[in-house]
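Here the structure is laid out as structure tokens; the discussion comes afterwards.
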Ligand code: AHR
């Protein structure tokens with residue numbers, strides 16, 4: 001009995017449950033929904049109480065959420081920030097309240113990095129590099145100028161900034177490569193369709209041969225626009241997207257996308273582990289990055305079996 005009383009199973013119910021306030025930035029993509037579910041499931045599994053607020057792409061709403069978490073005196077605040085800049089003051093408020101903050105998925109650009117404990121999320125720059133290398137290999141023997149169109153994500157967001165930079169680090173300096181069109185489409189399918197439709201309103205000789213879509217949803221929208229223009233996605237225009245939802249892998253297997261760079265949304269277990277470590281007073285690394293891959297037509301069907309979103 002004594003041994004059992006000292007075990008975690010006995011002690012846990014007597015302890016007050018840890019409360020985490022989580023400001024999720026929105027619901028724009030399958031990736032985002034999977035990210036939310038992963039965090040909810042992991043909280044439940046860890047016996048952590050989660051208060052979650054959807055900011056609907058508004059940084060102002062994220063500030064309101066953080067303030068409400070401070071009023072509720074939660075133990076830890078987690079934020080998936082919609083954009084990188086503008087976080088200094090609100091994080092100072094959390095600091096004054098003595099509540100540790102964990103940044104999830106995207107990053108914040110603040111003067112004092114002590115304002116948050118850690119950032120748990122993907123290496124978006126590396127994702128852009130992977131996309132760039134795929135295009136470089138794929139078009140190695142194609143003569144003449146290659147025109148590349150780019151559907152960026154939300155302006156000012158880490159994945160949009162860093163995927164663009166990583167991609168250009170591979171292709172940006174090449175004389176025969178022209179970034180002919182680039183515009184934000186907010187990581188959504190309907191904006192992807194709309195912006196791609198605009199990209200295609202040019203004479204045939206100016207049409208892009210490559211599309212880099214910063215996420216799957218924008219690639220799906222673009223595919224519809226390409227088809228409506230009487231062209232074949234994946235053939236007339238080579239398409240690379242980022243995330244790797246089951247639907248994207250299916251579209252890859254069907255040949256309408258040519259490569260998908262993986263971005264892992266299942267950050268819940270790592271977040272809850274970090275929460276427990278913070279509460280226990282342990283020090284965490286400033287950055288935690290999941291391992292990620294790139295999928296091509298050959299690996300798509302196999303990968304689809306393991307996909308959770
Ligand atoms: O921050 C991660 C990005 O946000 C994902 O690539 C995209 O699908 C999501 O909306």
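Quick look at the values:
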item: Among residues of the range 182-193, those that are surrounded by 15 or more Cβ atoms within 10 Å (Cβ to Cβ) and over 11 Å from residue 152 (Cβ atoms), counted; result: 3
item: Residues of the range 245-264 classified as more than 20 Å from residue 186 (Cβ to Cβ), within 16 Å of the ligand (Cβ to nearest atom) and part of a loop (DSSP other than H, G, I, E, B), total; result: 1
item: Residue check for residue 147: in contact with a strand residue (DSSP E or B) (Cβ under 6 Å, 6 or more places away or on another chain) and at pLDDT 95 or above; result: yes
item: Residue count for the range 135-153, restricted to those that are exposed (fewer than 14 other Cβ atoms within 10 Å of the Cβ) and either at positive phi or within 22 Å of the chain's Cα centre (by Cα) (or both); result: 1
item: Selected residue [within 16 Å of the ligand (Cβ to nearest atom) and in contact with a helix residue (DSSP H, G or I) (Cβ under 6 Å, 6 or more places away or on another chain)] from 240, 289; result: 240
item: Residue list for the range 211-236, restricted to those being crowded, with 24+ Cβ neighbours inside 10 Å and farther than 18 Å from residue 160 by Cβ; result: 223, 226, 233
item: Residues of the range 93-112 satisfying the condition of being within 25 Å of the chain's Cα centre (by Cα), more than 16 Å from the ligand (Cβ to nearest atom) and outside any loop (DSSP other than H, G, I, E, B); result: 94, 101
item: Search result, residues across the range 151-196 that are in contact with a strand residue (DSSP E or B) (Cβ under 6 Å, 6 or more places away or on another chain) and in contact (Cβ under 8 Å) with a residue 60 or more places away in the chain; result: 151, 152, 155
item: Wholly enclosed helices (runs of 4 or more DSSP H) of the range 1-92 bearing at least 1 residues in contact with a helix residue (DSSP H, G or I) (Cβ under 9 Å, 6 or more places away or on another chain), loosely packed, with under 13 Cβ neighbours inside 10 Å and modelled with pLDDT under 95; result: 2-6, 8-14
item: Lone qualifier among 278, 242 - being over 23 Å from residue 142 (Cα atoms), part of a helix (DSSP H, G or I) and touching a strand residue (DSSP E or B) at 6+ places or on another chain (Cβ under 9 Å); result: 278
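The values are calculated or read from the model by the stated rules, or taken from the named source; none is laboratory data. From a predicted model like this one, the values you see are computed outputs, not experimental measurements. Note: ideal-geometry Cβ built from the backbone for every residue, glycine included; neighbour counts use all protein chains shown.
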